[in-house]
Amino acid sequence: MRMNLCYALMALLGMAPFMGANAQYGLTIEQSAATIAAEGTVYRFYVEANDPSDKISAVFGNDQMPLVISTPDGIYNNAFNSSWNASGINPALVPVFPDLADDSFATIGLDGPAAGVAGAEDPSLVQDASLSPTVSGYFQAGGTELNVNTLTGASWYVLNTAANALPTDGRWLVAQITTAGDLSGTLNAQIFPLGVGADQVQQSWDFA
């Protein structure tokens with residue numbers, strides 16, 4: 001099973017990182033105050049597109065390009081979203097429970113369930129079960145340190161046929177983290193310039 005998972009990640013991400021000569025992408029982190037119930041600061045991670053036809057494939061980590069998120073004071077998780085992604089953030093509940101909008105999650109272009117966006121799909125997750133914590137464990141249980149650095153690694157992704165593979169207003173939301181303390185780490189993403197998978201780019205950003 002682990003070998004099959006490793007092959008699946010290799011197929012998804014390609015055999016080696018590649019950086020197109022003219023395909024530099026940026027990472028923007030926007031901050032806002034959390035609700036009183038959630039406390040701390042809400043950080044929204046956006047990968048900036050270069051063209052409206054660019055498609056994001058995955059956010060990932062492995063032994064060659066580790067994905068690290070350090071939140072020593074833990075992250076906020078809302079009981080109404082039991083998922084590692086945003087699929088459990090019901091827009092109908094947010095006016096009644098505003099702190100639901102501050103839940104921490106991984107995503108590809110969505111801050112709620114895919115059912116609310118035509119042609120969209122909730123992101124899928126493949127991960128090395130030996131990670132401690134796993135990606136899902138980090139986002140579901142108030143994680144303090146995510147370090148995806150094994151050969152198999154982990155990735156949250158969508159197919160390039162999904163509507164949310166395309167940027168919204170020139171960018172993709174890839175994670176939301178709410179924490180009362182420090183935040184630092186390294187994020188990696190795979191992008192298809194102009195939607196062409198053969199020209200895939202894997203890029204890494206450090207943040208603090």
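Brief remarks follow.
- Filter result for the condition that a residue is touching a Phe, Trp or Tyr at 6+ places or on another chain (Cβ under 6 Å) and either among the hydrophobic types (A, V, I, L, M, F, W, C) or surrounded by 15 or more Cβ atoms within 10 Å (Cβ to Cβ) (or both), over Gln140, Gln127: Gln140
- Test: residue in the stretch 46-59 that is surrounded by fewer than 18 Cβ atoms within 10 Å (Cβ to Cβ), within 16 Å of the chain's Cα centre (by Cα) and within 23 Å of Gly197 (Cβ to Cβ): yes
- Within the stretch 19-45, the residues that satisfy the criterion of being exposed (fewer than 14 other Cβ atoms within 10 Å of the Cβ) and not charged (D, E, K, R) are Met19, Ala21, Asn22, Gln24, Gly26, Thr28, Gln31, Ser32, Ala33, Ile36, Ala37.
- Among the criteria (1) at pLDDT below 95; (2) touching a strand residue (DSSP E or B) at 6+ places or on another chain (Cβ under 8 Å); (3) not β-branched (Val, Ile, Thr), the one Asp73 does not fulfil is (1).
- Any hit, the stretch 146-161, residues being within 18 Å of Tyr43 (Cα to Cα) and not β-branched (Val, Ile, Thr): yes
- Enumeration of residues in the stretch 120-179 that are under 21 Å from Ala208 (Cβ atoms) and of a type in the set (A, V, I, L, M, F, W, C): Val135, Phe139, Leu146, Val148, Leu173, Val174, Ala175, Ile177
- Pro167 touching a Ser or Thr at 6+ places or on another chain (Cβ under 8 Å) and either surrounded by 14 or more Cβ atoms within 10 Å (Cβ to Cβ) or within 19 Å of Asn77 (Cβ to Cβ) (or both): no
- In the stretch 117-139, the residues that are among the small types (Gly, Ala, Ser) form Cβ pairs under 6 Å with partners that are surrounded by fewer than 16 Cβ atoms within 10 Å (Cβ to Cβ), at six or more places apart or across chains, as follows: Gly119/Ala163; Ala120/Ala163.
The values are calculated or read from the model by the stated rules, or taken from the named source; none is laboratory data. What you are looking at is a predicted structure, and each value in this text was computed from that prediction instead of being measured. Glycine also receives a Cβ, built like all others from the backbone with ideal geometry; neighbour counts cover every protein chain displayed.
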